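Here's the structure we're looking at; comments come further down.
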Amino acid sequence: MAKAGDRLSKGCDNPSDNLSPISGGPSSTIFRAPSFEIQPASPESFPASSEAPASSSGLSVLLYQPEIPPNTGNIARTCAATRTPLYLVEPLGFSISDKQLKRAGLDYWEHVPLKVFPDFDAAIRGIPPSRMIYFSARASRIYIDFSYRPGDCLVFGPETRGLPDKLIANYPGVVVKIPIDSSRVRSLNLSTSVGIALFEAIRQLSAQNSDFDAPTETRSPGSCD
């Protein structure tokens with residue numbers, strides 16, 4: 001069974017996102033984590049998906065207990081752009097109707113093949129058979145030195161805690177990391193990490209297979225939104 005560390009915080013996401021500064025003395029700032037309202041979710045609570053077909057790679061993204069709504073919204077936008085299914089595992093650290101979540105995803109939610117699962121075991125049963133690729137700061141293998149395959153599911157943990165050891169041990173998979181200079185920053189933002197990983201997987205699969213159905217430009221260039 002594959003085992004790895006239980007944190008993404010130093011290599012995948014920034015626990016200081018959305019944190020409130022409090023007094024820490026004249027030369028330092030201490031951050032207090034926000035209090036998230038965890039509410040039960042259901043797929044029906046999200047904007048309706050058009051069930052746009054995924055790319056021929058079959059790649060997918062799974063967020064395990066995500067906490068910060070704008071991160072999930074931004075990731076949904078990336079998934080819409082790449083025709084990548086997005087899976088969320090509860091409990092979520094926000095209400096499904098959160099305005100920040102919808103705002104970050106803009107009007108692209110209808111193009112995101114999306115499913116929400118009550119726990120990881122349900123997700124394993126409910127998604128197509130996939131090789132699980134876990135992203136953790138404590139992994140020894142770097143994500144660009146890993147060969148992705150069609151059908152891989154890229155798994156990311158919550159912003160402030162990362163993937164627990166027990167989950168990775170119970171559900172075997174491959175564990176990789178996104179290297180950073182930890183002497184300068186503690187982590188990358190979760191949505192940044194997902195984008196880095198997903199586009200590297202797409203790049204590799206495109207290079208390996210000339211028939212790979214990579215996303216193509218279908219709108220006028222020069223616009224960010």
Worksheet item: Are any of the residues in segment 131-151 crowded, with 19+ Cβ neighbours inside 10 Å, farther than 21 Å from Leu92 by Cα and small (Gly, Ala, Ser)?
Response: yes
Response to the item:
Residue pairs qualifying under the 9 Å Cβ cut-off, at least six apart or on distinct chains, with the first in segment 108-124 being closer than 12 Å to Ala76 by Cα and the second being β-branched (Val, Ile, Thr) and crowded, with 18+ Cβ neighbours inside 10 Å, are Val112/Thr84; Pro113/Thr84
Worksheet item: Can you tell me which residues in segment 152-176 are closer than 16 Å to Ser187 by Cβ, crowded, with 22+ Cβ neighbours inside 10 Å, out of contact with any Pro (no Cβ under 7 Å at 6 or more places or on another chain) and in contact (Cβ under 8 Å) with a residue 60 or more places away in the chain?
Response: Phe156, Gly157, Gly162, Leu163
Practice prompt. Might you check whether a residue that is part of a loop (DSSP other than H, G, I, E, B), at pLDDT 90 or above and not β-branched (Val, Ile, Thr) occurs anywhere in segment 217-225?
Written response: no
Worksheet entry | Flag for Gly162 being modelled with pLDDT under 95 and out of contact with any Phe, Trp or Tyr (no Cβ under 7 Å at 6 or more places or on another chain) | yes
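The values are calculated or read from the model by the stated rules, or taken from the named source; none is laboratory data. Keep in mind it's a predicted model, so treat the numbers as computed, not measured. In this analysis, Cβ positions are derived from the backbone assuming ideal geometry, glycine residues included, and neighbour counts consider all displayed protein chains.
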